[in-house]
Every structure is written in structure tokens, then in C-alpha cells.
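Student: First the structure, then my questions, so here it is.
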């Protein structure tokens, strides 16, 4: 049985640098969008996110937005940031994740997934053999999210691998 315990926990994705990933031989980073890179209320990437994406790309890290969002938001952000993306990825299922790895020619051990949710992002990456990076959610205004995150607490407080 695969436990969704993240390999790395960060307060924000802004803490992640290309060198941190290169030190782990990671060349592709799959990114959750909603509440990871931008709050649900944001309609476009802010300047700080744009600079972070640029830093990662200049540092040799390929980025891909892998989102469960059912709308156009991933393509809006992807277009604005110059990143390939997919919506309706159905995480924690790994089908789409493996399709992206195949398209990029990257083995699971050379990829990472970063997101704010244990039972979608971290579980998907763990099941696929990727390095998993958990960040704190950007916004906790929705009561539904508070309940969902409460169920994740035991895994959030487990020591990273």
C-alpha cells in the first residue's frame, strides 16, 4: 500500500529552486495550479509567479501544469506563462501523469510533482514513483477546503521522507 507522504514540504512553491531539483536529478516538475500556484480567485499569473517560472526554466527545469480543474483556467495560466498544461487530469489517477512523462521522455525518478493536496497531488506522485513536494494551500477561505485539509492532517504532519 502506498502512503501519501510527501518527500519535501515547503511553505510556498517560491521556496523551490532549480538547484534543489537538480540535486535530486529532477528535470521535469509537474505543477498543480489551484491553491498551489495561484488562489482560486486569481484570473491570471502575478508578476512574482512569472519570475519564478522564468527562474526555473532558465535553471533547466521543464514545467508542466497538471490540473484537476475542469475549466479553462489551466490553459489561461499555461498560455500566460508559456507552459504546456492539461485540465481534468483526474489525480490521483496516474494515467495523464505517465502520458506527460512519456511525451517529455522523462523517467519517474527524474520528475517531481508539486501541489497543495495530499489525496490528489501527493498520492498521484507517490503512486507513480515521482518525488512529491507538498506546499501549504494559498487560501483557506472555502469551508469545504478546511474539511478536506483536516482529513489530510495526519499526512501533513508526518515527517517528509
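Student: What about residue 40, is it modelled with pLDDT under 95 and either out of contact with any strand residue (DSSP E or B) (no Cβ under 7 Å at 6 or more places or on another chain) or surrounded by fewer than 20 Cβ atoms within 10 Å (Cβ to Cβ) (or both)?
Tutor: Judged against the criteria, residue 40 is a match.
Student: I'd like the full set of residues that are closer than 17 Å to residue 122 by Cβ and either out of contact with any helix residue (DSSP H, G or I) (no Cβ under 8 Å at 6 or more places or on another chain) or part of a strand (DSSP E or B) (or both), limited to the range 29-63.
Tutor: Once the filter is applied, which keeps residues that are closer than 17 Å to residue 122 by Cβ and either out of contact with any helix residue (DSSP H, G or I) (no Cβ under 8 Å at 6 or more places or on another chain) or part of a strand (DSSP E or B) (or both), the range 29-63 yields 29, 30, 31, 34.
Student: Only one of (1) at pLDDT below 95; (2) under 23 Å from residue 109 (Cα atoms); (3) out of contact with any helix residue (DSSP H, G or I) (no Cβ under 8 Å at 6 or more places or on another chain) fails for residue 20. Which number is that?
Tutor: (1)
Student: Give the number of residues within the range 17-26 that are within 13 Å of residue 63 (Cα to Cα) and either buried (at least 16 other Cβ atoms within 10 Å of the Cβ) or touching a strand residue (DSSP E or B) at 6+ places or on another chain (Cβ under 9 Å) (or both).
Tutor: Within the range 17-26, residues that are within 13 Å of residue 63 (Cα to Cα) and either buried (at least 16 other Cβ atoms within 10 Å of the Cβ) or touching a strand residue (DSSP E or B) at 6+ places or on another chain (Cβ under 9 Å) (or both) number 3.
Student: So which residues in the range 100-112 are in a helix (DSSP H, G or I) and either more than 16 Å from the chain's Cα centre (by Cα) or at pLDDT below 95 (or both)?
Tutor: 102, 103, 104
The values are calculated or read from the model by the stated rules, or taken from the named source; none is laboratory data. Since the structure is predicted, the reported quantities are computational estimates derived from the model, not experimental observations. So basically every Cβ, Gly included, is an ideal-geometry build from the backbone, and we count neighbours across all protein chains shown.
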